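Participant: Please read through the structure below; I'll follow up with questions.
The values are calculated or read from the model by the stated rules, or taken from the named source; none is laboratory data. Bear in mind the structure is a predicted one, so any value in this text is a computation, not a measurement. FYI the Cβ positions are ideal-geometry reconstructions off the backbone, even for glycines, and counts take in every protein chain you see.
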Amino acid sequence: MNSRQKKIISLWLYSGLFLVITMVLIGGITRLTHSGLSMVEWKLIGGTIPPLNETDWQETFSKYQQFPEYQKINKGMNLSEFKAIFFWEYLHRLLGRLIGLVFIIPFLWFLKKKWLDKKLKNQLVFLLLLGGLQGFLGWFMVKSGLVDVPAVSHFRLAIHLLTAFTLIVYICWLIMEVKEKEKFTNPQINKLSKGFMFLLTLQIIYGAFTAGLKAGYLLPAGKGFFQSLFTNFTPDILKNFDVLNNPFNIQFLHRIMAWFVLFFAIYIWQKARNTALQKASVNLLLVISLQIILGVITLLFGVPIFFAVAHQLVAVLVLLSSAVLIFLSSENSQ
């Protein structure tokens, strides 16, 4: 590829990265506004067109009324209230379709122009497959909430979120490769950064569990951060030590793990001081610190949408900062 082709492909990947991050944020708003189960049908083409008149809206609302969320939680909801929750889920799915077009059409054009070498072509095919998997997992997640219990599985939510974050990191990695970003090989920092990414992945999983089980609402105003784990024991011994389904334990672990993530970031920064990777390690430490502040505010104020979405956005920045540090500290490819 010449420099012009690299620039165009980079801009394309940047636009895709922006759209995927936007998709994640709208997904967060959809969850926080309890809108995710408002669309009970999954149509790839037909679902692109929203209800256009009062008859269409009544028909769509009638379908929603047949499912558990309306019958068990939103009984008595009027059409105007339904339109409000329908909007976010519709926007979320519409953006997903747009992302598919943004990735597929330019990719085919690049293929026709023979701009892609074998390695990049294979990487982009994998990217498209990963995007397709993400769409499937979105349907798989929503389906779990259209049965007897009107709530999506927190396990499926975690898988859906992890796949989205993997997609974001992979696009970022491709951008750095296409731009041939300079590396500063440092095996020690690279190893530490990979360990950090592993811990961060666990934290993201527990963040998804916290969201899926609405565990963020379990910290009453004025209560201490250790309240949840130590004062909510029940006669069910197994439930007391359940770290996969007990929302009190999950929220506690998510909070505690955040400090391990912070201390790990501080350790990496100390090791990277006076090296070419110092700036990248400082960036990582700064976004981690901001993330913890937002997490504390989100819990203490009862999960307000603005701070909860900001918390999710900064989680993406933490992830990207970690990926950049891994890339910059890795060995140059032969």
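Participant: Among the residues of the stretch 237-273 satisfying the criterion of being among the β-branched types (Val, Ile, Thr) and assigned to a helix (DSSP H, G or I), which is modelled with the lowest pLDDT?
Facilitator: Only one residue tops the list, namely ILE237.
Participant: Tally up the residues in the stretch 43-73 that are out of contact with any Asp or Glu (no Cβ under 8 Å at 6 or more places or on another chain) and within 17 Å of VAL152 (Cβ to Cβ), please.
Facilitator: Within the stretch 43-73, residues that are out of contact with any Asp or Glu (no Cβ under 8 Å at 6 or more places or on another chain) and within 17 Å of VAL152 (Cβ to Cβ) number 7.
Participant: When the stretch 7-59 is examined, which residues are found to be more than 21 Å from GLY132 (Cβ to Cβ), over 22 Å from the mean Cα position of the chain (by Cα) and among the basic types (Lys, Arg)?
Facilitator: Scanning the stretch 7-59 gives a single hit, LYS7.
Participant: Scan the stretch 59-71 and give yes if some residue there is surrounded by 14 or more Cβ atoms within 10 Å (Cβ to Cβ) and outside any helix (DSSP H, G or I), otherwise no.
Facilitator: yes
Participant: Right, something else. Working carefully through the options SER322, SER330, find the one that is under 21 Å from PHE184 (Cβ atoms), among the polar types (S, T, N, Q) and surrounded by fewer than 21 Cβ atoms within 10 Å (Cβ to Cβ).
Facilitator: SER330
Participant: From the set of residues in the stretch 147-175 that are under 14 Å from PRO68 (Cα atoms) and buried (at least 18 other Cβ atoms within 10 Å of the Cβ), which is farthest from the chain's Cα centre (by Cα)?
Facilitator: So, considering only residues that are under 14 Å from PRO68 (Cα atoms) and buried (at least 18 other Cβ atoms within 10 Å of the Cβ), the one farthest from the chain's Cα centre (by Cα) is ALA151.
Participant: Sticking with this one: Would a scan of the stretch 93-101 turn up a residue that is within 19 Å of the chain's Cα centre (by Cα) and not in a helix (DSSP H, G or I)?
Facilitator: Within the stretch 93-101, not a single residue is within 19 Å of the chain's Cα centre (by Cα) and not in a helix (DSSP H, G or I).
Participant: Name every residue in the stretch 189-203 that is surrounded by fewer than 20 Cβ atoms within 10 Å (Cβ to Cβ) and either assigned by TED's automatic domain parsing to the domain that holds ILE159 or of a type in the set (A, V, I, L, M) (or both), in order of residue number.
Facilitator: Passing the criteria: MET197, LEU199, LEU202.
Participant: If the Cβ limit is 6 Å and pairs must be 6+ apart or interchain, which residue in the stretch 296-320 that is in a helix (DSSP H, G or I) pairs with which residue that is surrounded by 19 or more Cβ atoms within 10 Å (Cβ to Cβ) and of a type in the set (Ser, Thr, Tyr)?
Facilitator: The qualifying pairs are PHE307/THR298; ALA308/THR298; HIS311/THR298.
Participant: Same structure, new question: Show the residue pairs meeting these rules: Cβ distance below 9 Å; 6+ apart or different chains; first residue within the stretch 15-38 and without any contact (Cβ under 8 Å) to a residue 24 or more places away in the chain and assigned to a helix (DSSP H, G or I); second residue basic (Lys, Arg) and surrounded by fewer than 21 Cβ atoms within 10 Å (Cβ to Cβ).
Facilitator: That search, which allows pairs on different chains as well, returns nothing.
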